[in-house]
Structures are given as structure tokens and as C-alpha cells.
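Everything below concerns the one structure shown next.
Nothing in this text is a laboratory measurement; each read-out follows from the coordinates by a stated rule. What you see is a predicted model; the values in this text were computed from it and never measured. Positions of Cβ are generated from backbone atoms using ideal geometry, with glycine treated the same way; all protein chains shown enter the neighbour counts.
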Amino acid sequence: MDNICPRGENNMIILCANPKAQYLSHKSEIEETIKNVLDKGKYILGDQVESFEKEFAEYIGVKFGIGVGNGTEALHLALIAAGVGEGDEVITVSHTAVATASAIIQAKAIPVFVDIDPTFYTIDPNKISEAITEKTKAIIPVHIYGHSADMDPIMKIARENKLTVIEDCAQAHGAFYSGSRVGSIGDLACFSFYPTKNLGAIGDGGMVVTNYPDFAERIRLLREYGWKERYISHLPGWNSRLDELQAAVLRVKLKHLDKDNNKRKDIAKLYFEGLKNSKFNLPSTKEDGGHVYHLYVIRTNKRELIMDFLKEKGINTLIHYPMPIHQQPIYSKYTRVKLPVTEKYKDEILSLPIYPELLKDDISLVIDSIKEFEL
Ligand SMILES: *Cc1c(COP(=O)(O)O)cnc(C)c1O
């Protein structure tokens, strides 16, 4: 443990997420694999990417994995592979990272925002049917904060209306829904390996997973100029490749993912215990162990006050996200209906520090500080 530097800014600040601490906790393995890639001399689409695609697909419980440049491009390529294009509508949530909607726009389609379930913050299945029109082609449920969307009713509605389901798993590597890992339930699923995600690279990275060989083949072509064989394009593809260094580091971290997710769950347990008598609204989970706590988000109507109070004590908190997508300047034109839960929660949500290497003493300090604030 001597190499671990779990805090930021000269050890003064408890961070919300801490990719450097994760590097330090797997330092020798990561440095060794990086050296091997450098020595080998193949830096794009080599053994590391191929092995990582297999290992990650197997971990999720699907047949195919295709490594791509990042999570946004994973979504974009999945939409194109699913045949989504000009003027098509894609149903998703406004309570998510803006990348979910920007991928839809990049595919020339129209995002149609649906409100979230007030308990789990994921798409409200009861509001999906009324958003479907003859232009609807796909649904992108987002497993926000590490908790699965309610996939059974979503899949049922999608099958009845012949819609493709693309899971946005960027915050939920390893999470479960009814005994299956998220990413294995929809037609396609997209992951981001941005450094702060539960499985994070040391740069950008992403993956599309699917059980359908046709989708897998199309994405494989799209990510590299539409090439089936070198220099011969069969699709109007472009370049969105995962590189060997990222894949090598991700293979190391994948081996630790369940253990690291369990550490997040342990931290969540301490927060639940410590804050159960507070006035804050704490996260909910349907299934024991299903939630992988990419973020631990509480709700309070005193958010700005408590953020400042915690900051004074050296505790960083964040808001995911301060402005729902449908209220952002370029997306407001897509708003068709009111999203009361999304709009109410954006003023209340607050993400507390959570990452596998977070120290017990620091967790206690967060809990004690919140209690002190409430006195
Ligand atoms: C991080 C994230 C993305 C985008 O991933 P990038 O790798 O940053 O492009 C998409 N959707 C959600 C929900 C995310 O959290």
C-alpha cells in the first residue's frame, strides 16, 4: 500500500474519483504490460486489442466485442450499425452524460427524451410507449450511476414495436440485472473506458458488445475506414480504433474489476450505514449487489450549502449533471414533453467521493462532515 496516493492537490483534497490511485494500486502490472507493448512494436489493432475484446465479451456474457475509440463513438457506431439515420427518432433520457444524445445527433437522428423513474433515476418504462412514433428506430436505456435500467419492460416494448435496444453501459461495467450483466440484454451495448469509469484506461477507449454477428461485422468495418480487407472499403467507415496500450492496461484492470466493484459496494455500505438517519435521500438498488456504484448520488434541497461546507473540509463533490440535456442550448429544440422528475432532481443531486482506493478514514470524514452539517 505504500505507493498509494489516494488524495489530490498535495494530499489535501478528497477527490470524487481518482484514476491515479488506481494506477498506483496496480502499478507494477500496468508498467510491465506497457513495456511489453512498447517492445513488441505493434501499436494499433494487435494481440492486446484482440485478447481484450474476447476477455471483455466473455466477462459481460456476449459473443462479440469490438474495441473502439471511446464511449461516444461506441454509441455512434452502434446506431449506424443498427441502421439508424437521417430523421429517425431514438428514445433516451435527458438525465445522462451529454454523449448519449450527441451520438444520436451525429448519426443524423433525433433524440426523444423520456423522464426518469423517481427511485432509480433510469428511464421510466411507463413513459416510453407514449414517446414512440412511426419514426422511432431505437431505444438507448442508460444504466446511470452504476444501476441497471429496468430492462424487462424496455425489451418487451422494443420487441412489440420492432425497435433496436442499445444499452449505454458507460457507467455500469459489471452491474447486474436479474442475474445477467448489463450489456448482455439489449441488441447492442456500449461501454466507455474513460479513466474515471469503473473500468478505466489511461486515455480514451470504448467497446461495443453484441450477440449478433451482423452487427459485430458492421462495427468492425465502420471503425476502420469500412475495410473488410486492407485498403478495400465496403462501408462508409472512418477511424475509431482502440489502441494496444489502452487494451493492454484494460486487460490488467479487467482482472481486478469485480474486486474493485466490491470495494465500491463496501464504500456505499458505509455511506448507507453512516447516513441512514440523515435527511438526505440515499440511492436505491433493486437487486442486492447489482449496483456497481460508479457514483454514489444523494439528494438534498440544501445542495449548494453542503457542497461549500464539504469543500471547506477538503472534500470534493460533483454534480452529475448540473443541466439535463433537454435544457442545454443546442438540445432544447428536441424537447417535446415536460420531464418533471429530471428537472426537479437536477437541483438536488450530489455525488459523494467514491472510488475503490478511497481510505476508510476519508469515508468517515465525509460521513462525519455531513452529520456535522445537519446539526
Ligand atoms: C462517459 C459516458 C459516455 C461517453 O463516453 P466517452 O468515452 O467519454 O466518450 C456516454 N454515456 C455515459 C452515460 C457516460 O457516462
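Inter-label distance, L38 to R336: 5.3 nm, where each label sits 7 Å from its Cα along the C-beta direction. Of the peptides 362-373, 165-176, the order by per-residue mean of other Cβ atoms within 10 Å, starting with the highest, comes out as 165-176, 362-373.
Given a Förster distance of 35 angstrom, what is the FRET efficiency for N239 paired with E130, based on the Cβ-Cβ distance and rounded to 0.05? After rounding to 0.05, the efficiency reads 0.35.
The label-point distance for K279 and D266, in a model that sets each label 7 Å from Cα toward Cβ, rounds to 3.4 nm.
Bridges between two residues of the chain, per DSSP, are antiparallel at a rate of about 60%. Taking a straight line from the alpha carbon of K302, these aspartates and glutamates sit under 12 Å away, with near neighbours fewer than eight places off in the same chain left out: D347, E348, E374. Its DSSP H runs of at least 4 residues, each contributing -39,500 (n - 2.57), put the calculated 222 nm mean residue ellipticity of the chain at -11500 deg cm²/dmol, to the nearest 500. Spin-label model, W227 to F309: label points 7 Å out along the Cα-to-beta-carbon direction sit 5.8 nm apart. Measuring against 29 Å, Cα to Cα, the residue pairs K27/K286; K311/K344; K63/K197; K255/K371; K156/K286 contain K27/K286; K255/K371 as the ones spanning a longer distance. When DSSP beta bridges are restricted to pairs lying wholly in the stretch 40-153, around 10% turn out antiparallel.
Here the convex hull built on the C-alpha positions of the chain has a volume of 134 cubic angstrom per residue. Counting only Cα atoms, the size of the stretch 326-375 along its three principal axes is 47, 29, 15 Å, in decreasing order. I need the Debye-formula profile for the stretch 218-375: one equal scatterer per C-alpha, no solvent, reported as log10 I(q)/I(0) at q = 0.16, 0.18 1/Å, two decimals. With no solvent term, the Cα-only Debye profile gives -1.00, -1.09.
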